[in-house]
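Below is one structure, written out as structure tokens; the observations come after it.
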Amino acid sequence: MLVSAKDMLNKARDGKYAVGQFNINNLEWTKAILLTAQECNSPVILGVSEGAGKYMCGYNTVVGMTKGMIETLKITVPVALHLDHGTFEGAKACINAGFSSIMFDGSHLPFEENLAKTTALVNTCDVLGLSLEAEVGAIGGEEDGVIGQGECADPDECKKIADLGVTMLAAGIGNIHGKYPANWPGLSFETLEKVKAKVGDMPLVLHGGTGIPDDQIKKAISLGVAKINVNTECQFSFQEATRKYIEEGKDLQGKGFDPRKLLAPGFEAIKAKVKEKMELFGSVNKA
Ligand code: 13P
């Protein structure tokens with residue numbers, strides 16, 4: 001069964017740890033993340049960008065695959081299936097397809113439009129029992145071809161969006177998707193503290209988890225971050241393990257060409273990376 005992210009995030013906020021959102025791309029990714037969550041007895045959020053949804057043949061396919069796996073793999077930890085950086089249209093499509101959690105990213109829109117569209121979704125998600133993430137202050141870097149600037153959110157705008165009754169709020173604090181440049185100044189804890197002071201109990205979301213030093217992750221959690229998104233780091237782990245397998249010529253030995261063998265090292269590498277992050281975020285044994 002898929003669940004809303006609301007309970008898991010409220011518990012994380014109260015317990016001063018964070019739940020990881022790991023983005024999925026295909027069957028191997030989804031299976032690796034679900035099995036690791038179960039082994040770690042950790043709640044988990046599966047993130048699906050609109051591009052990844054399209055790649056996996058649409059949201060219905062993603063819902064069917066995920067629900068099927070939860071049943072067959074006997075996954076009992078809380079799992080939320082979450083649209084990542086959704087448009088208004090994408091949010092509607094995922095609600096209809098059976099996602100249990102939605103992110104509407106109106107951060108690049110004029111603020112009043114972000115406010116109006118988020119308001120419309122708050123009511124719908126509330127009625128259906130789905131969690132809703134909103135965003136203020138665009139996250140930097142590139143994701144699915146969309147390039148953001150890495151802004152620091154305006155705390156007053158954060159309060160206006162939080163007061164609508166969203167479940168969780170992503171506020172830009174100088175974070176960037178993908179690799180951080182060598183001259184990156186680090187997270188703006190000053191912004192995080194100001195946002196937190198305005199939004200009170202609202203669980204905060206940290207995007208761009210890849211490459212943020214561990215001490216900054218821990219500090220962010222101590223200041224109210226309850227959900228951390230990781231995508232690129234799993235991709236790097238998969239890439240490195242797959243490259244090694246081929247460079248060592250293993251695909252040329254015996255039945256090493258079998259896709260189930262070829263993809264196995266990358267699968268194991270994703271599992272190891274997700275476990276490492278769950279330990280760092282403190283969500284192990286919090287299911
Ligand atoms: P990274 O790819 O930098 O880990 O960011 C993931 C993310 O924030 C997804 O929304």
Output the number of residues of the stretch 193-207 satisfying the condition of being more than 16 Å from the ligand (Cβ to nearest atom) and surrounded by 15 or more Cβ atoms within 10 Å (Cβ to Cβ).
6
Inspect all residues belonging to the stretch 255-277 and state whether any of them is in contact with a Pro (Cβ under 7 Å, 6 or more places away or on another chain) and either of a type outside the set (D, E) or away from the ligand (no atom under 13 Å from the Cβ) (or both).
no
With the condition being of a type in the set (A, V, I, L, M, F, W, C) and under 24 Å from P203 (Cα atoms), I'd like the helices (runs of 4 or more DSSP H) fully within the stretch 19-89 carrying at least 3 qualifying residues.
27-40
Restricting attention to the stretch 107-137, which residues are in contact with a Ser or Thr (Cβ under 8 Å, 6 or more places away or on another chain) and at pLDDT 95 or above?
N114, C125, G129, L130, S131, L132, E133, A134, E135
Look through the stretch 25-58, keep the residues that are within 15 Å of S100 (Cα to Cα) and among the aliphatic types (A, V, I, L, M), and return whichever of them is farthest from the ligand (Cβ to nearest atom).
V44
With the requirement that a residue be farther than 15 Å from K6 by Cβ, polar (S, T, N, Q) and more than 16 Å from the ligand (Cβ to nearest atom), what does the stretch 78-113 give you?
N96
Against the conditions (1) β-branched (V, I, T); (2) crowded, with 22+ Cβ neighbours inside 10 Å; (3) more than 16 Å from the ligand (Cβ to nearest atom), where does T61 fall short? Just the number, please.
(2)
When (1) crowded, with 20+ Cβ neighbours inside 10 Å; (2) of a type outside the set (A, V, I, L, M, F, W, C); (3) more than 14 Å from the ligand (Cβ to nearest atom); (4) closer than 19 Å to T118 by Cβ are applied to D154, the one that fails is (1)
Residues in the stretch 2-28 that are surrounded by fewer than 24 Cβ atoms within 10 Å (Cβ to Cβ), more than 20 Å from A220 (Cα to Cα) and in contact with a strand residue (DSSP E or B) (Cβ under 8 Å, 6 or more places away or on another chain) total 4
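Condition check ((1) hydroxyl-bearing (S, T, Y); (2) farther than 25 Å from V122 by Cβ) across all residues:
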position: K6; (1), (2): no, no
position: N10; (1), (2): no, no
position: L27; (1), (2): no, yes
position: T36; (1), (2): yes, yes
position: S42; (1), (2): yes, yes
position: S49; (1), (2): yes, no
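Yes/no per residue for (1) surrounded by fewer than 22 Cβ atoms within 10 Å (Cβ to Cβ); (2) within 12 Å of the ligand (Cβ to nearest atom):
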{"position": "G178", "(1), (2)": "yes, yes"}
{"position": "L187", "(1), (2)": "no, no"}
{"position": "G209", "(1), (2)": "no, yes"}
{"position": "D214", "(1), (2)": "yes, no"}
Return the residues of the stretch 78-102 that are of a type in the set (A, V, I, L, M), closer than 19 Å to L27 by Cα and over 16 Å from the mean Cα position of the chain (by Cα); say none if nothing qualifies.
A97
Tally up the residues in the stretch 257-281 that are out of contact with any Asp or Glu (no Cβ under 7 Å at 6 or more places or on another chain) and outside any helix (DSSP H, G or I), please.
1
Search result, residues across the stretch 216-247 that are farther than 24 Å from A32 by Cα and either more than 15 Å from the ligand (Cβ to nearest atom) or among the charged types (D, E, K, R) (or both)
K218, K219, I221, S222, L223, G224
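The values are calculated or read from the model by the stated rules, or taken from the named source; none is laboratory data. This is a predicted model, so every value here is computed, not measured. With ideal geometry, Cβ positions are generated from the backbone for all residues, glycine too; neighbour counts draw on all protein chains shown.
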